[in-house]
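Right, one structure below, let's go through it.
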Amino acid sequence: MTFVTRLTLQSGDRAALEGIVEDIKSTAERKGAELKGPHSNPPQKLSAPQHRRLHADDERMFPSWNYTVFTRELEIHGHDEFARNAAAREFPDSIHVEVEIEQIHGMGRRN
């Protein structure tokens, strides 16, 4: 049985995101882990409205707050201990991490 661990990292701080991704990538090379990626998605440009007051009858607004979110995706094939350590490490508060684990069965196996 092989496990594929998919890490999705998102941040508005591109430099911090690139630093973490580069650290995971270099550690994978040192450990001999099979790493696919990082895959870059196009940056998302998001906007959040800002009301001047919390009162429902007040329609006055500040200009919207615009920000960009950068996303990188990594896949670790096998190397369960490295994948576990990469997913459990301490990430800066500015980086959001999602971990997805998929179990791959070999050909001709049941279950």
Exercise. So which of Thr27, Thr5 is surrounded by 15 or more Cβ atoms within 10 Å (Cβ to Cβ), at pLDDT below 95 and not in a strand (DSSP E or B)?
Worked result: Thr27
Exercise. Residues of the range 28-43 being in contact with a Leu (Cβ under 9 Å, 6 or more places away or on another chain) and touching a residue at least 24 places away in the same chain (Cβ under 8 Å), which ones?
Worked result: Ala28, Leu35, Lys36, Gly37, Pro38, His39
Exercise. From the list Pro42, Pro38, which residue is under 30 Å from Ile104 (Cα atoms) and in a loop (DSSP other than H, G, I, E, B)?
Worked result: Pro42
Exercise. Exposed (fewer than 12 other Cβ atoms within 10 Å of the Cβ), among the hydrophobic types (A, V, I, L, M, F, W, C), on the phi < 0 side of the Ramachandran plot and touching a residue at least 24 places away in the same chain (Cβ under 8 Å) - does that describe any residue in the range 83-106?
Worked result: yes
Exercise. Looking at this structure, is Phe70 part of a loop (DSSP other than H, G, I, E, B) and in contact with a helix residue (DSSP H, G or I) (Cβ under 9 Å, 6 or more places away or on another chain)?
Worked result: no
For this session: Quickly run through the range 30-58 and pick out the residues that are surrounded by 10 or more Cβ atoms within 10 Å (Cβ to Cβ) and closer than 16 Å to Thr71 by Cβ.
Result: Lys36, Gly37, Pro38, His39, Ser40, Asn41, Pro43, Gln44, Leu46
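The values are calculated or read from the model by the stated rules, or taken from the named source; none is laboratory data. Keep in mind it's a predicted model, so treat the numbers as computed, not measured. FYI the Cβ positions are ideal-geometry reconstructions off the backbone, even for glycines, and counts take in every protein chain you see.
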